[in-house]
Amino acid sequence: MGHESFRPGITHFRCVGVGVGPANLSLASLLHGRPDVPNLFLDRKESFGWHDGQQIPGSTLQVSQFKDLVSLADPANPFSFLSYLHAKGRVYHFLNAQFDDVPRLEFRNYLAWASRRNENVVFGEGVREVDFDDGLGVFTVRTDRRTLTADNVVAGVGSRPWVPPQGEHLLGPTQFHVADYVHAARDVGGKRVVVIGGGQSGAEAFLDLISRGGWDLPRRVSWISRRQNYFPIDDSPFTNDYYMPSHADYFYGLPRERRQSLNSRNVLTSDGISESTLREIYQTIYVHRFVEGNEDLVALHPAREVFDVRPGPFGGWEVCARHTGEPESVERFEADVIVWATGYRPAAMDFLAPLAGRLEHEGEELRVDEDYAVRWDGPADRRIFVQNGVRGQRGLADPNLSLNAWRSRRIADRLCGVRGDEQLASFIEWSSKAPQDERWTA
């Protein structure tokens, strides 16, 4: 359970956070124990959750355990993953287990542990609206319990499951987003299942389905992806320099068109499939087809664009797709169950509606400065910060755990009026540096 109350009588804070996922939980952890920065973080959920419906057995993180809430910004902070292991008495067990990657459920439990230890984090209290009182010079934050005031607000409401238009109105017990997979995919034994989406989430769902035994094994599992193949994540050293603070700042200064191009070209640095998952999928298919003789269980269909989903002529669903290299062709897949592994989009921030006319935008995103503060027409020392909501301005690392602690440190420093030391820049010179005498001057 979350904390039910927070120091009754206190109604004004230096910082009020809206939403408690990894992003705002990181900031709350960095600000904990700072009496000079009174802070409160609110979430409408009754307790902490992080992809709870997607905690498929065997799933792991795609990033290092050092990319926790605090370690890359404040290694001595008591809310680190190492502190969690120590508090639970299993540091040596974790070391001896020699995990190649941290079990995702273990990391989820770590995040929940951090939220319970922080009295500034309150669950079961949703924020209805945020406005600004120009007379008092403070934000007013109206929740479903009370009204607070704050010098600064930090929006960290995360993302929401996304299903394309051809499926979003058909969701139910037999057609669902992978975010609900653990609970919704229990009864698929002997059925035809279609998984749509070629990223890590789709791969994990597909692997789980074809790994079931006995009566729990589906009759057939088809995996459809728009990508030309089932591509691995690029986790190589120089590629990972995209997920360093120096590149995030470089990316921020680029023209919008170039930022969009870089995000599109480098999507597999964050949305590819772990090589270990691909290997396990391939090995499982091999065993089914060649060892056990179950030749009809698996169907792999990359380079397909799903354009329609309709009730099947004999029950179930009919999924209609076109091959991206053969647009005149149409393929139809019969399904009893459809799993949409089609990703996430930033969650709506409807609570900012009273300020809508005062906030600047860049496309669908709120326009932020170098410290993630929204540009607006209010006082310069009163700010709304955005966490995990400006991928177009900050790059593929923005919704990723890699720069979570660094971004929170950047915001915390701005709240405190200081600038902390940055880590050394990338080995790579991201921008050109022409000799002084070759630079153009007016």
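The values are calculated or read from the model by the stated rules, or taken from the named source; none is laboratory data. For clarity, every value in this text was computed on a predicted model and none was experimentally measured. A quick note on method: Cβ atoms are made from the backbone with ideal geometry, for glycine too, and the neighbour counts reach across all protein chains shown.
Computed values, structure above
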{"read-out": "Hey, SER64 hydroxyl-bearing (Ser, Thr, Tyr) and more than 25 Å from MET349 (Cα to Cα) or not", "value": "yes"}
{"read-out": "One residue from VAL70, VAL37 being touching a Lys or Arg at 6+ places or on another chain (Cβ under 6 Å), of a type in the set (A, V, I, L, M, F, W, C), in a loop (DSSP other than H, G, I, E, B) and more than 19 Å from ARG160 (Cα to Cα)", "value": "VAL37"}
{"read-out": "Long-range neighbours under 9 Å by Cβ, at least six apart or interchain, first residue more than 20 Å from ARG382 (Cα to Cα) and in contact (Cβ under 8 Å) with a residue 40 or more places away in the chain within the stretch 16-34, second aromatic (Phe, Trp, Tyr) and surrounded by fewer than 24 Cβ atoms within 10 Å (Cβ to Cβ)", "value": "VAL20/PHE48; VAL20/PHE123; GLY21/PHE48; GLY21/TRP50; PRO22/TRP50; LEU25/PHE48"}
{"read-out": "Residue list for the stretch 310-324, filter: farther than 17 Å from GLY198 by Cβ and either under 27 Å from the mean Cα position of the chain (by Cα) or in contact (Cβ under 8 Å) with a residue 60 or more places away in the chain (or both)", "value": "GLY316, TRP317"}
{"read-out": "Elements of type helices (runs of 4 or more DSSP H) in the stretch 163-260, at least 2 residues being farther than 24 Å from SER276 by Cβ", "value": "165-168, 181-184, 245-252"}
{"read-out": "Any hit, the stretch 361-372, residues being exposed (fewer than 13 other Cβ atoms within 10 Å of the Cβ), at positive phi and either not in a helix (DSSP H, G or I) or not assigned by TED's automatic domain parsing to the domain that holds LEU27 (or both)", "value": "yes"}
{"read-out": "Enumeration of residues in the stretch 203-221 that are of a type outside the set (A, V, I, L, M, F, W, C) and buried (at least 24 other Cβ atoms within 10 Å of the Cβ)", "value": "GLU204"}
{"read-out": "So PHE333, is it over 30 Å from ASP187 (Cβ atoms), of a type outside the set (A, V, I, L, M) and surrounded by 15 or more Cβ atoms within 10 Å (Cβ to Cβ)", "value": "no"}
{"read-out": "Among (1) more than 18 Å from ALA23 (Cβ to Cβ); (2) more than 16 Å from the chain's Cα centre (by Cα); (3) surrounded by fewer than 19 Cβ atoms within 10 Å (Cβ to Cβ) - the single one LEU105 does not satisfy", "value": "(2)"}
{"read-out": "For VAL330: the one exception among (1) assigned to a strand (DSSP E or B); (2) in the same structural domain as ALA412 (by TED's automatic domain parsing); (3) more than 24 Å from the chain's Cα centre (by Cα)", "value": "(2)"}
{"read-out": "Selection status of LEU403, closer than 30 Å to ALA114 by Cβ, part of a helix (DSSP H, G or I) and over 20 Å from the mean Cα position of the chain (by Cα)", "value": "no"}
{"read-out": "Qualifying residue in the stretch 137-147 (condition: assigned to a helix (DSSP H, G or I) and either in contact with a strand residue (DSSP E or B) (Cβ under 8 Å, 6 or more places away or on another chain) or free of Cβ contacts under 8 Å to residues at least 12 places away in the same chain (or both))", "value": "no"}
{"read-out": "Single residue of the stretch 229-254 satisfying the filter (in contact with an Asp or Glu (Cβ under 9 Å, 6 or more places away or on another chain) and charged (D, E, K, R)) that is farthest from GLY197 (Cα to Cα)", "value": "ASP249"}
